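Visitor: First, the structure itself, so that you have it in front of you.
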Amino acid sequence: MTPRELKEYSALRATIRQRGNARPWLAVAGLAAWSAEALAIAVLAPPPAVALVPLLILAASFEAVFALHVGVERIGRYVQVFHEAAGEPAAWEGAAMAFGRPPRGTATDPLFAAYFGLAALLNFVPVMLAVPVPVEALVIGGAHLLFVARIAAARRAAAGQRAADLARFQTMKDTPA
């Protein structure tokens, strides 16, 4: 490995580490901001329309967590293809991918999808307790359902991302410029 390649490898591994550490903190901060906003609105403003404000915070937090996850995975596949192909300096990314799914009951959710989904459900409860008119329930409920659908779509995309990125980087490496 050349000094330039070693420097790039080190920088990419550091980026993975930093973004990987930022993801759970961002999820916790986003859920905390959502809960503070939802509580403030419940106390100060009558639902239902204002329930869209904490939903926006929730959605923005989820998108930030998802973006960090996608970036970390993509960098990992780049490292795997362009730096670990020859087994140098370590084959961490390849080994992690070959390891596969962890044993049942020990898997974690890198997108915190269940927590964001539960928060969306809890965010909608005050709307229903306020006995909205049907159009309010449809519009606000629709916004909440769109967010839950986005979470589901992101989970599906994340599930296939490693293999797709690996294949794409391998094609890039094998195709002359």
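The values are calculated or read from the model by the stated rules, or taken from the named source; none is laboratory data. Computed from a predicted structure; not experimentally measured. All Cβ positions, glycine included, derive from the backbone under ideal geometry; neighbour counts span all protein chains shown. Accessible surface is based on the protein model in full, side chains and every heavy atom, while ligands, DNA and RNA are left aside. Shrake-Rupley method; radii C 1.70, N 1.55, O 1.52, S 1.80 Å.
Visitor: Here are some conditions: (1) at negative phi; (2) at pLDDT 95 or above; (3) of a type in the set (A, V, I, L, M, F, W, C). Val125 meets all but one. Which one does it not meet?
Guide: Of the numbered conditions (1) at negative phi; (2) at pLDDT 95 or above; (3) of a type in the set (A, V, I, L, M, F, W, C), the odd one out for Val125 is (2).
Visitor: May I ask you to list the residues in region 129-151 that are open to solvent by 30 Å² or more (accessible area, probe 1.4 Å), in a helix (DSSP H, G or I) and without any contact (Cβ under 8 Å) to a residue 24 or more places away in the chain?
Guide: Pro134, Val135, Leu138, Val139, Leu145, Leu146, Ala149, listed by residue number.
Visitor: Return the residue satisfying two criteria in turn: it lies in region 76-114 and is part of a helix (DSSP H, G or I) and modelled with pLDDT of 95 or more, and of such residues it is most open to solvent (accessible area, probe 1.4 Å).
Guide: Initially, region 76-114 is screened for residues part of a helix (DSSP H, G or I), giving 76-82, 92-99, 113-114.
Subset that is modelled with pLDDT of 95 or more: 113-114.
Numbers: Ala113: 7, Ala114: 73 Å².
Among those residues, the one meeting the criterion is Ala114.
Yes/no per residue for (1) open to solvent by 60 Å² or more (accessible area, probe 1.4 Å); (2) among the acidic types (Asp, Glu); (3) at pLDDT 95 or above; (4) in contact with a strand residue (DSSP E or B) (Cβ under 8 Å, 6 or more places away or on another chain):
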residue	(1), (2), (3), (4)
Pro3	yes, no, no, no
Lys7	yes, no, no, no
Ala11	no, no, no, no
Ile16	no, no, no, no
Val28	yes, no, yes, no
Trp34	no, no, yes, no
Ala38	no, no, no, no
Pro47	no, no, no, no
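Visitor: Continuing with this model, one more query. Filter region 152-167 for residues that are touching a Lys or Arg at 6+ places or on another chain (Cβ under 8 Å) and open to solvent by 50 Å² or more (accessible area, probe 1.4 Å) and give the result. So that I can check it myself, show each step before the final result.
Guide: To start, the set of residues in region 152-167 that are touching a Lys or Arg at 6+ places or on another chain (Cβ under 8 Å) comprises 161-162, 165-166.
Arg162 - this is the single residue of region 152-167 that is touching a Lys or Arg at 6+ places or on another chain (Cβ under 8 Å) and open to solvent by 50 Å² or more (accessible area, probe 1.4 Å).
Visitor: So Val53 ticks every box in (1) modelled with pLDDT under 95; (2) out of contact with any Asp or Glu (no Cβ under 7 Å at 6 or more places or on another chain); (3) open to solvent by 50 Å² or more (accessible area, probe 1.4 Å); (4) assigned to a helix (DSSP H, G or I) but one. Which box is left unticked?
Guide: The failed condition is (2).
Visitor: Report yes if Val135 is farther than 28 Å from Ala29 by Cβ and of a type in the set (A, V, I, L, M), otherwise no.
Guide: Numbers: farther than 28 Å from Ala29 by Cβ: yes; of a type in the set (A, V, I, L, M): yes.
Considered against the rule, which asks whether it is farther than 28 Å from Ala29 by Cβ and of a type in the set (A, V, I, L, M), Val135 comes out as yes.
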